[in-house]
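Report on the following structure.
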Protein chains: 2
Amino acid sequence: MPELRRDPITGRWVIISTDVARRLRDFVKDHVVAHGDPHCPFCAGQEHRTPPEVLAYRDGGGPNQPGWRLRVVPNKYPALRVEGEFHRKGEGIYDKMSGIGAHEVIIETPDHVVSQADLPEARIEDIFWAYRDRILDLRKDRRLRFILLFKNHGTAGGSVVEHTHSQLIALPVVPKRVQEELDGCKRYYDFKERCICCDIAQQELASCDRVVLETDHFVAFCPYAPRFPFETWILPRRHRSHFEESDATEIRNLGWVQRAVLRKIEKVLEHPPYNWMVHSAPVQEPAMPHYHWHIEIIPRLTRVAGFEWGSGFYINPTPPEEAAKFLREAGLG
Amino acid sequence: MPELRRDPITGRWVIISTDVARRLRDFVKDHVVAHGDPHCPFCAGQEHRTPPEVLAYRDGGGPNQPGWRLRVVPNKYPALRVEGEFHRKGEGIYDKMSGIGAHEVIIETPDHVVSQADLPEARIEDIFWAYRDRILDLRKDRRLRFILLFKNHGTAGGSVVEHTHSQLIALPVVPKRVQEELDGCKRYYDFKERCICCDIAQQELASCDRVVLETDHFVAFCPYAPRFPFETWILPRRHRSHFEESDATEIRNLGWVQRAVLRKIEKVLEHPPYNWMVHSAPVQEPAMPHYHWHIEIIPRLTRVAGFEWGSGFYINPTPPEEAAKFLREAGLG
């Protein structure tokens with residue numbers, strides 16, 4: 001019999017279907033293949049084809065010249081821009097505001113590598129340092145209230161350029177989904193006087209059923225009520241609401257953890273398209289005892305269709321205990 | 001400059017991007033093509049290949065025999081089942097319940113037609129009568145609190161069988177997204193003592209900027225803050241919280257309206273994959289002055305990726321005023 005499970009943070013229910021016939025048939029067979037691109041705008045030597053860099057880690061060369069290991073540039077087709085006046089306005093019963101914000105691209109390597117998991121550990125550590133540096137800079141603009149860091153991998157994951165990169169979008173409002181997560185964590189904290197993610201980490205580490213891997217600083221696990229097959233979260237053991245407050249030991253370890261988890265996912269699911277997002281507290285807010293930053297990784301194996309759009313309920317054909325077992329037992333490739 | 005717009009019901013913000021380069025490039029070129037299927041389980045004569053019907057409209061023949069115009073059968077791979085005990089249970093800090101519910105398929109025609117828009121008006125009217133009949137039957141089971149009617153059209157829309165069909169899922173809980181919509185409508189009602197959808201209909205009909213078509217009973221329009229390009233809503237003019245309370249005149253007219261809107265969408269977007277969902281009040285609740293049932297149609301032209309999953313914010317490259325103009329001016333094909 002199928003089981004309904006409730007996400008303890010947001011209150012979202014998911015249907016964990018345990019029908020084997022359905023489980024296998026419904027998986028979208030979509031694998032990320034590197035095609036190569038002689039005209040790739042993100043490769044070293046093509047710096048003139050992106051807007052000027054806002055950050056680079058270099059072993060040599062000058063700004064917007066080769067010699068960089070990692071480069072952050074404004075998106076050429078930004079969803080939001082920092083220039084302009086911020087105003088809110090009504091239109092009859094409707095509300096709008098100007099699209100103030102930032103949209104940047106983190107080019108993760110000068111070489112034409114397609115998967116972040118194929119980068120050495122130190123390069124992945126660099127990526128997290130770059131996120132931190134960009135947040136510390138952008139949050140000085142008090143209009144920017146929330147910063148989302150995310151990765152689209154593979155065409156089905158929404159990626160247009162195959163050269164490995166991630167994106168940053170800074171918004172003048174706290175998005176509704178983020179606010180829901182904050183509110184859900186706050187409700188639990190008000191009731192228990194404990195952080196829900198600290199409790200989740202404790203319960204997951206005690207049972208180990210859904211744990212993928214653990215280190216001194218992080219635990220990676222498949223959540224109890226995942227929306228998607230093989231959805232995996234990376235949670236720091238130490239309570240902290242803001243990713244950008246992580247210390248050097250944690251960021252170094254995160255490079256290893258992120259690489260290990262992605263390599264396991266690529267091995268088990270044969271290079272699936274995926275997305276991942278850093279969930280972190282709004283940047284203008286002080287440290288929060290109830291919120292705990294983390295990374296959510298969602299392989300794109302099933303299609304989201306009318307039922308999910310209409311209800312916000314998800315049907316997941318793979319129990320997280322089963323997904324975690326596969327990932328736990330897989331090597332690092 | 002991009003514009004942020006707020007959905008007046010849910011409070012969800014969307015980014016309406018007005019960058020032409022981005023607008024055209026980001027559209028997924030994915031058209032629904034009829035391949036035909038000599039082994040289609042939904043065609044007349046194949047009745048033995050589905051579970052026994054729970055409803056059929058017939059011009060002749062006996063149960064589970066040819067002669068039907070429309071047939072409703074349980075899903076062969078149901079996400080939920082009516083059999084079994086309903087119970088809720090804890091697992092440490094987590095919550096689960098048994099997957100009680102119903103999952104049915106509405107086979108909209110005995111012929112191998114792929115698009116609902118290619119059916120005659122009277123067949124589409126039949127589909128809405130079937131939805132009504134099934135809701136009136138299922139709501140007798142007091143455990144079932146919410147019923148979602150939806151359509152997945154085309155592979156990218158999540159459809160597995162190409163023969164035109166829609167689906168019904170009955171749930172033992174009111175989904176979070178639905179509750180949010182109910183709460184949003186209630187908040188507006190408490191403030192204004194008017195239904196927000198009645199106000200939306202009035203404002204849309206006064207300006208006409210986003211109206212696709214109107215009849216004596218319905219208005220079809222592109223909403224002010226659409227998540228997706230060419231998202232279109234069909235709203236009854238008469239206030240009613242439950243679709244199943246619609247009268248015969250409305251259901252007859254809805255057959256025409258639904259067909260006309262879908263034909264316009266297929267003409268302008270060249271047979272795109274799409275989903276649509278009937279948004280209606282929870283079936284065990286009495287009539288509500290604040291909630292107004294409607295249909296939401298979402299063509300699947302853009303990919304939902306990390307930004308949308310991480311924030312619940314949507315980036316829509318097509319202003320609804322522009323989409324509505326295209327749809328308004330298109331003929332019925």
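The values are calculated or read from the model by the stated rules, or taken from the named source; none is laboratory data. Computed from a predicted structure; not experimentally measured. Quick reminder, even Gly has a Cβ in these numbers, built from the backbone with ideal geometry, and neighbours come from all protein chains shown.
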### Message
Looking at region B:280-306 only, could you name the residues that are more than 24 Å from B:G101 (Cα to Cα), within 12 Å of another protein chain (Cβ to nearest Cβ), in contact (Cβ under 8 Å) with a residue 12 or more places away in the chain and in a loop (DSSP other than H, G, I, E, B)?
### Response
B:R300, B:T302, B:R303
### Task
All but one of (1) more than 18 Å from the chain's Cα centre (by Cα); (2) more than 14 Å from every other protein chain (Cβ to nearest Cβ); (3) in contact (Cβ under 8 Å) with a residue 12 or more places away in the chain hold for B:Y189, so report the exception by its number.
(2)
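Results for (1) within 14 Å of another protein chain (Cβ to nearest Cβ); (2) modelled with pLDDT of 90 or more; (3) more than 23 Å from B:A170 (Cα to Cα), shown as yes or no for each residue.
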position	(1), (2), (3)
B:T10	yes, yes, no
B:I15	yes, yes, yes
B:A21	yes, no, yes
B:C43	no, yes, yes
B:R71	no, yes, no
B:E85	yes, no, no
### Message
Here are the criteria: (1) among the aliphatic types (A, V, I, L, M); (2) under 26 Å from B:A225 (Cα atoms); (3) assigned to a loop (DSSP other than H, G, I, E, B). Tell me which single one A:M97 does not satisfy.
### Response
(3)
### Message
Can you find a residue that is farther than 14 Å from B:V14 by Cβ and within 8 Å of chain A (Cβ to nearest Cβ) anywhere in region B:307-326?
### Response
yes
### Query
Regarding A:A170, is this residue in contact with a helix residue (DSSP H, G or I) (Cβ under 7 Å, 6 or more places away or on another chain), within 12 Å of chain B (Cβ to nearest Cβ), buried (at least 20 other Cβ atoms within 10 Å of the Cβ) and of a type in the set (A, V, I, L, M)?
yes
### Task
Those residues that are out of contact with any Phe, Trp or Tyr (no Cβ under 6 Å at 6 or more places or on another chain) and without any contact (Cβ under 8 Å) to a residue 24 or more places away in the chain, I need them from region A:52-69; list them, please.
A:P52, A:E53, A:D59, A:G60, A:G61, A:G62, A:P63, A:N64, A:Q65, A:G67
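Per-residue answers, yes or no, for (1) at pLDDT below 95; (2) farther than 21 Å from B:D133 by Cβ:
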{"site": "B:V261", "(1), (2)": "no, yes"}
{"site": "B:E285", "(1), (2)": "no, no"}
{"site": "B:H292", "(1), (2)": "no, yes"}
{"site": "B:A305", "(1), (2)": "yes, yes"}
{"site": "B:T318", "(1), (2)": "yes, yes"}
{"site": "B:R328", "(1), (2)": "no, yes"}
### Task
Would you mind telling me which numbered condition in (1) in contact (Cβ under 8 Å) with a residue 60 or more places away in the chain; (2) crowded, with 23+ Cβ neighbours inside 10 Å; (3) within 14 Å of chain B (Cβ to nearest Cβ) A:V261 fails?
(3)
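Residues checked against (1) part of a strand (DSSP E or B); (2) surrounded by fewer than 19 Cβ atoms within 10 Å (Cβ to Cβ):
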{"site": "B:V72", "(1), (2)": "yes, no"}
{"site": "B:K89", "(1), (2)": "yes, yes"}
{"site": "B:I124", "(1), (2)": "no, no"}
{"site": "B:D133", "(1), (2)": "no, yes"}
{"site": "B:L136", "(1), (2)": "no, yes"}
### Query
Of the residues that make up region A:200-223, is at least one under 17 Å from the mean Cα position of the chain (by Cα), surrounded by 17 or more Cβ atoms within 10 Å (Cβ to Cβ) and within 12 Å of chain B (Cβ to nearest Cβ)?
yes
